[in-house]
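Report on the structure given below.
Nothing in this text is a laboratory measurement; each read-out follows from the coordinates by a stated rule. Being a predicted model, the structure only gives us computed values, none of them experimental. Ideal geometry is used to build each Cβ from the backbone, glycine not excepted, and the neighbour counts take in all protein chains shown.
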Amino acid sequence: MTSRETNSPSPLRRGACLRWLLALVLSLGLTSTVRNLLAREQPPKPFEFSLTRMGTFFRITLYAANQTEASKPAMAAFERVEQLEDLLSAHRQDSEVVRLSRAAVLVPRPVSQDLFYVLDKSLQISRLSGGAFDVTIGPLVDLWREARRTKRLPRTTEIAKAKAAVDYRNIELDSQGRTVLLRRKDMKLDLGAIAKGYAADQALDLLKSCGIQSALIDAGGDITLGAAPPGKAGWKIAIDDPSPQGKEAPCTLVLHDVAIATSGDARQAVEVNGLRYSHIIDPANGMGLQDSGSATVIAPDGITADALATALSVLPVPEGLRLVESIEGAAAYIVRRTGGEWRHFSSRRFPQECNDIRKRGN
Ligand code: FAD
Ligand code: MG
């Protein structure tokens, strides 16, 4: 699976930066341009921006000659993320994806390029993962979000009813008309496991179209990286590892021009009767995952890394590693606690550093 399918061009057409910048430059006045010309010969410096987007901290770090040359592209990137949140959020009742769940039952509905692209990619990962990743998961997400609020497990009858509405094969895409049809009226789409990675891709694409090459986008743990910072081998990324060994000796990788995403239950889970249930749900049984751990995926783009990290959280380790090995440019590092024991697994292409630290530590 290539990182970006040729038949579904990235919705960000060329010249997007100019449109965004023009809007920004007109609003901020032209004076700064003169200042920029004077500052041009300075070596690029790092600038950091963060805003709350998609219910999490979106952080942008980029290298530019000066504050003005840094903030305009950064603000344009945040605008792009805001635009995607309006389309892809399950939390906004007027978002395109929420309206689609209501309107596309048995009737094909035209959708935006962004939503079509994300659904097309979602179905690819669903097929590759045998349904472990499934964006029709919405009815079960609602049940487990309620469980996190009330600290009460959903009843088995509630889970059975919600689970019946979950099946990615009930989404019908037509690339000719760019339409989506849902085969059941009780379906609810939830893009929580893939849209942050996509938004991080789009933000990075926009910075590049503004001439910014060295940049890091961190969308709540879904990270996309541009070129290495000037004069450095890459960006230092600490791998999220919830095991005691991971806490004692964290593994740090130096990466550039890739995406890296981690899924796990560290931040969102509910404990009932001494058992932890993750916000990641196994569509096969409708239950929040119970064996703790994390799955970190390196991939050519954020949308793939984000979705695969969730799929690998659900799949048994051997199947997850086989899935990642079958995808060009993808690699994975899985931390799993079954019973009382923590274990670490990595796919062949995952950088050796993490295994070396574990070997020294174990
Ligand atoms: P991931 O593993 O990447 O995703 C887990 C999320 O995916 C779950 O929360 C659930 O939504 C869904 N999921 C669970 N199991 C599966 C499965 N088997 N297959 C596919 N998907 C599954 N949070 C807020 O609190 N407020 C907001 O307003 C808000 N807005 C958001 C808007 C957008 C566009 C997005 C993408 C997310 C938003 N979120 C918001 C966060 C969202 O609710 C999730 O908590 C977050 O996306 C989980 O990301 P993760 O990397 O932790 O886990
Ligand atoms: Mg994810």
So how far, in whole Å, is the C-alpha centre of the range 103-182 from the one of the range 284-336?
19
Stretched out fully, how many nm does the piece from Val107 to Ser50 gain, at 0.36 nm a residue minus the Cα gap?
16.5 nm
If N is the residue count of the chain, its Cα Rg over 2.2 N^0.38 Å rounds to 1.02
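Shape of the range 49-89 from its Cα gyration tensor (a ≥ b ≥ c, root eigenvalues): rounded if a/c is under 1.5, otherwise prolate when a/b > b/c, or oblate?
Details: a/c = 3.82, a/b = 2.05, b/c = 1.86.
Because a/c hits 1.5 or more and a/b exceeds b/c, the range 49-89 counts as prolate.
From the alpha carbon gyration tensor of the range 135-209, can you work out the equivalent ellipsoid semi-axes (sqrt of 5 times each eigenvalue) and give them in Å, largest to smallest?
Details: eigenvalues 174, 83, 8 Å².
Whole-Å semi-axes of the equivalent ellipsoid: 30, 20, 6.
Please identify every one of the trypsin sites (Lys or Arg not before Pro) in the range 208-242 that sits in a loop by DSSP and has no more than 15 other beta carbons within 10 Å of its own beta carbon. Show your work: numbers first, answer last.
On the way: sites: Lys208, Lys232, Lys236; in loops: Lys232.
Taking the range 208-242 and a limit of 15 other Cβ atoms within 10 Å, the loop trypsin sites (Lys or Arg not before Pro) found are Lys232.
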Could you list the square roots of 5 times each eigenvalue of the Cα gyration tensor of the range 64-199, that is, the equivalent ellipsoid semi-axes, sorted largest first and rounded to whole Å?
30, 20, 13
Can you give me the distance in nm between label points at Gln83 and Arg59, each placed 7 Å from the Cα along the Cα-to-Cβ direction?
2.6
Point-to-point label distance, Asn170-Gln67, nm (Cα→Cβ direction, 7 Å offset)
5.4
Where in the range 143-168 does the label zone of Asn285 land, with the point 7 angstrom along Cα→C-beta and an amide N cut-off under 17 Å?
144, 153-164
Within the chain, longest stretch clear of exposed GluC sites (Glu not before Pro) (DSSP loop, no more than 16 other Cβ within 10 Å)
42-327
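Using only the Cα atoms, work out Rg/Rh for the range 45-126, with Rh taken as the Kirkwood radius, to two decimals.
Numbers: Rg = 16.4 Å, Rh = 14.8 Å.
Radius of gyration over Kirkwood radius for the range 45-126 works out to 1.11.
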